[in-house]
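For reference, the structure is listed below as structure tokens.
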Amino acid sequence: MRTLLDSAADAIGRTPLLRLNRITSSLGLDGTIVAKLDYLNPGVERARMMAALGAEVVLVDQMPGSVPGQVSGPDLQLVEERAKQIEFELGAFRADQFTRDGNWLAHYDGTGTELWEQTNGNLDGFVDYVGSGGTYAVVTKRLKALNPSSKCFIVEPHGAAVLAKQPISQPEHPIQGGGYVMPDLII
């Protein structure tokens, strides 16, 4: 990983993998478990940086009754409605991650290939937490193309296991980005 970058854009992608040695040793497991440190991608500062560069950042209030700081399906619906309104009013192009080919191609050519290269092709399992299912579906497709015997799994929060078709008893779980029903789920 490069430590001196020429621009903030160069910091996107190629996030490091971290060996989770304590897990394997405490459980007496052979092999290596790694976690991708995507939190090192520009994230929280993104809105401030965009505003500093001249973008108009529009924040959408949560639904009444939503848990502050936890995004629910109804909260996302409000964001979707506001985005469509802005797109219409401005006659703008919307880089919609759920409908644009660029999103899945970024995970096929980017994330999936990146994981494979960072492990020197020694990757036989992939676990992901899903929102739209795009990352999981496409990284899985790429890994299976590189190693058909790869095992790929989804994890969901207890009480919000939507894909496992379990009753939703804890929709306000603390893990953001999934565990809610989304129309047109990719998986």
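The values are calculated or read from the model by the stated rules, or taken from the named source; none is laboratory data. Predicted model only: the values in this text are computed from it and were never measured. With ideal geometry, Cβ positions are generated from the backbone for all residues, glycine too; neighbour counts draw on all protein chains shown.
See the values below:
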| item | result |
| --- | --- |
| Flag for residue 18 being modelled with pLDDT of 85 or more, surrounded by 13 or more Cβ atoms within 10 Å (Cβ to Cβ) and not small (Gly, Ala, Ser) | no |
| Residue match in segment 120-135 (condition: polar (S, T, N, Q), outside the structural domain of residue 151 (by TED's automatic domain parsing) and either within 30 Å of residue 33 (Cβ to Cβ) or touching a helix residue (DSSP H, G or I) at 6+ places or on another chain (Cβ under 8 Å) (or both)) | no |
| Filtered residues of segment 49-94 (kept if touching a residue at least 60 places away in the same chain (Cβ under 8 Å) and either hydrophobic (A, V, I, L, M, F, W, C) or farther than 22 Å from residue 132 by Cα (or both)) | 67, 71, 76 |
| Among the candidates 168, 187, residue that is under 17 Å from the mean Cα position of the chain (by Cα), over 18 Å from residue 15 (Cα atoms), modelled with pLDDT under 90 and not small (Gly, Ala, Ser) | 187 |
| For residue 43: the one exception among (1) at pLDDT 80 or above; (2) part of a loop (DSSP other than H, G, I, E, B); (3) within 23 Å of residue 136 (Cα to Cα); (4) out of contact with any strand residue (DSSP E or B) (no Cβ under 7 Å at 6 or more places or on another chain) | (1) |
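Conditions tested, residue by residue: (1) within 13 Å of the chain's Cα centre (by Cα); (2) modelled with pLDDT of 85 or more.
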| site | (1), (2) |
| --- | --- |
| 112 | yes, yes |
| 132 | yes, no |
| 136 | yes, yes |
| 139 | yes, yes |
| 145 | no, yes |
| 148 | no, yes |
| 152 | no, yes |
| 157 | no, no |
